[in-house]
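I have placed the structure first, in the form of structure tokens, so that the comments after it can refer back to it.
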Amino acid sequence: MIQSDPRILPASAENIALAGESIRQGGLVAFPTETVYGLGADATNEQSVAQIFAAKERPRFTPLIIHFAATQAAAQAVDFNALADELAETFWPGALTLVLPRRRDCAVSFLAGAGLDTLAVRVPNHPVAQALINEAACPIAAPSANRSGTVSPTTAAHVAENLPGVTVVLDGGACPLGIESTVIDLTDEFPVLLRPGGVTREEVETLTGPLAKPEFAGQASKSPGTRDRHYAPGLPLRLNAESARSGEALLGFGPGAPKDAANLSPTGDIVEAAANLFALIRALDRPEFRAIAVMPVPETGLGAAINDRLRRAAAQYGDRREP
Ligand code: AMP
Ligand code: MG
């Protein structure tokens, strides 16, 4: 007989309560939704969200979907407009994700939203997902529970095989839909279909009218025509800096950085650095500075994703490496 995997726990009320407690304490839990299994963490905890990226070995910080137990809870994180209200009313709980503007007082981690001013939100229609979010009593950030570049898992066994580091997988059986949620961006002049998924385009279009293609996302906003929208600070970034020049803010990393500088991680912990990345860049992105000088961050582990994001932010002003 095949030995059962100790990381896989039946989704009993008791185990869901334990898993909810683990999420509240900053842990990661893989759990079933009606679409695919998600790798969940407290969406308001930057450090826990950084652990998601580390576990998935994602080479880049892509924004995650934030899962709520009810529309009311989602409305505390993002600003709903009339169309969003209608879509939520019709399709939630369900396999539809809405991208909406973050509220000013939004408690969700900046890393979970990849630093963007928008956030993807969803209310899943799966009893285990619902119960887990209620037990955790916080929004849950959850991408698919697989290593980056591999297929999304639809059973607990897939998750355990594919993510060796995952410690808890709530087993709620096979996912009823088995494909990801449909993602609609409502932050533009017209609604955009970013990703086809569990709810069909036709169903959505009965409410939205014709959906625009992803190529059109962002056309109405400042960053033109990008499927790959990313957070860009207002100030230029100067990478691989050894110190700040006159008028520059300094973003340090590790014990070698000046004590008075903002520091991604004073101890040189790369997961902590990822957790602090977007929040610190935002804090330094102020008009009294002319640029942000960023000290080198090692390429190891999440360092690759941190450097990817820093390079993208720097590239829009041309490469300003230290000579
Ligand atoms: P996953 O978490 O792997 O299911 O993927 C989430 C999907 O939602 C990806 O296609 C993301 O690009 C998309 N997404 C999440 N947040 C945003 C956002 N703020 N703006 C645009 N797309 C988003
Ligand atoms: Mg995925």
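The values are calculated or read from the model by the stated rules, or taken from the named source; none is laboratory data. Bear in mind the structure is a predicted one, so any value in this text is a computation, not a measurement. Please note: Cβ atoms are built from the backbone with ideal geometry, for glycine as well, and neighbour counts cover all protein chains shown.
Which members of the stretch 268-314 meet the condition of being of a type in the set (Asp, Glu) and either crowded, with 19+ Cβ neighbours inside 10 Å or not in a loop (DSSP other than H, G, I, E, B) (or both)?
Of the stretch 268-314, the ones of a type in the set (Asp, Glu) are 269, 272, 285, 288, 299, 308.
If the condition is that a residue be of a type in the set (Asp, Glu) and either crowded, with 19+ Cβ neighbours inside 10 Å or not in a loop (DSSP other than H, G, I, E, B) (or both), then Glu272, Asp308 are the ones that fit.
Under the condition of being within 15 Å of ligand 1 (Cβ to nearest atom) and part of a loop (DSSP other than H, G, I, E, B), the residues counted in the stretch 88-99 number 2. Taken over the stretch 183-210, the criterion of being assigned to a strand (DSSP E or B) and more than 10 Å from ligand 1 (Cβ to nearest atom) is satisfied by Leu193 alone. Within the stretch 1-46, the set of residues being of a type outside the set (A, V, I, L, M, F, W, C) and under 18 Å from Val123 (Cβ atoms) comprises Gly20, Pro32, Thr33, Glu34, Thr35, Tyr37, Gly38, Gly40, Asp42, Thr44.
Quick check, is Tyr317 part of a loop (DSSP other than H, G, I, E, B), under 18 Å from Ser109 (Cβ atoms) and modelled with pLDDT under 95?
On the way: part of a loop (DSSP other than H, G, I, E, B): yes; under 18 Å from Ser109 (Cβ atoms): no; modelled with pLDDT under 95: yes.
The answer is no for Tyr317.
Scanning the stretch 100-115 finds no residues that are surrounded by fewer than 24 Cβ atoms within 10 Å (Cβ to Cβ), away from ligand 1 (no atom under 11 Å from the Cβ) and more than 24 Å from Ala232 (Cα to Cα). Residue-level analysis places Asp85 outside the set of residues that are in a loop (DSSP other than H, G, I, E, B), more than 15 Å from ligand 1 (Cβ to nearest atom) and at pLDDT 95 or above. For the stretch 255-267, a tally of residues being in a loop (DSSP other than H, G, I, E, B) and either under 20 Å from Ala305 (Cα atoms) or not aliphatic (A, V, I, L, M) (or both) returns 9.
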